[in-house]
Amino acid sequence: MSACLLGDPVRYDGASKGLNDPRLAQWCALGWVLPLCPEVSGGLPTPRPAAEQQSDGRVLTQQGENVSQAFYLGAEVALAQAQRHGIRLALLKANSPSCGNRQVYDGRFQGRLISGEGVTASRLRQHGVQVFNENELAALAEALGWEA
């Protein structure tokens, strides 16, 4: 699970996007949640410059710095954790260049979303992990067979 969704201040701007959902609290209490920020796991600091995925797969900051290596390393760390722990479902931050599972920003730093996946979401999905975002908690609960 994206660590920022658990309230960890690991986003590029040093903030979090903590979710207040009783299902999530129960899943945490049951030990079903493994928090991870792929960008931090890939070696990027917090805070850090905002980055967006480009059409060629590179990830650049608005200043043009290529941070692709950290994003791809973070995706590999997330995949290794998923495989180590037998994880088949992931809850990741929507629209993120790492974690977005439906949409990502278009790479022009103008706030425009396009269909696509972040680096980590894509890597996990390629290896059979179902990826959900924070707007898909009901679908995740259903995939878990969860009735609370």
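We did not get these values from a lab; they are worked out from the coordinates using the rules stated. Treat the numbers as computed from the prediction; the structure is a model and nothing was measured. Glycine gets a Cβ as well: all are built from the backbone with ideal geometry, and neighbour counts include every protein chain shown.
What ³J(HN,Hα) values, in whole Hz, does the Karplus curve 6.51 cos²θ - 1.76 cosθ + 1.60 give for segment 50-58 when θ = phi - 60°, with x put for Gly and Pro?
Here the 3J(HN,Hα) series is 4, 9, 9, 6, 8, 4, 8, x, 6 Hz.
Mind checking which of Cys99, Cys28, Cys37 has the largest fluctuation in a GNM of the chain, springs on alpha carbons under 10 Å?
Result for the chain, Cα springs under 10 Å: Cys28 fluctuates most.
Would you pull out the residues with amide H under 5 Å of Asn95's amide H, same chain only if 5 or more places away, H placed 1.01 Å from N?
Under 5 Å from the amide H of Asn95 lie the amide H atoms of Gly100, Asn101, Arg102, Gln103, each far enough along the sequence or on another chain.
Could you give each residue of segment 89-100 its phi-based ³J(HN,Hα) in whole Hz, using Karplus coefficients 6.51, -1.76, 1.60 with θ = phi - 60°, and x for Gly or Pro?
Here the 3J(HN,Hα) series is 10, 9, 10, 10, 6, 4, 6, 6, x, 9, 9, x Hz.
Quick query: amide H of Val59 versus all other amide H atoms, modeled in the peptide plane; which residues come in under 5 Å with a sequence gap of 5 or more or a different chain?
Counting only residues 5 or more places away or on other chains, the set is Gln54, Val67, Ser68.
In whole angstrom, note down how far apart the Cα centers of segment 114-148 and segment 33-98 are.
Value for the Cα centre distance between the two parts: 15 Å.
Report, for the chain, the % of DSSP beta bridges that are antiparallel, rounded to 5.
So the antiparallel bridges amount to about 55 percent of the total.
Which angle from 0 to 90°, rounded to the nearest 10, does the C-alpha axis of helix 68-85 make with the longest principal axis of the chain?
Result, in degrees: 20.
Quick check on packing: order 29-35, 123-129 by the mean number of other C-beta atoms within 10 Å, highest mean leading. Don't skip to the end; give the middle numbers.
Numbers: 29-35: 12.0, 123-129: 16.4.
The most tightly packed comes first, giving 123-129, 29-35.
So what J values fall out for segment 21-27 if you push phi through Karplus, 6.51 cos²θ - 1.76 cosθ + 1.60 with θ = phi - 60°, rounded to Hz, Gly and Pro as x?
For segment 21-27, the Karplus-derived couplings read 9, x, 4, 4, 4, 5, 5 Hz, x marking Gly and Pro.
Once Kirkwood radius over Cα pairs in Å is worked out from the coordinates, which option in (i) 15.3; (ii) 16.6; (iii) 15.7 does it equal?
So the calculated entry is the one marked (i).
List every residue whose amide H lies under 5 Å from the amide H of Arg11, counting only residues 5 or more places away in sequence or on a different chain, with H placed 1.01 Å from N in the peptide plane.
none
State the answer as a single residue: which of Ala141, Pro38, Tyr72 lies farthest towards the positive end of the charge dipole of segment 27-148, with beta carbon charges of +1 for Lys and Arg and -1 for Asp and Glu, about the Cα centre.
The residue sitting farthest along the positive end of the dipole is Tyr72.
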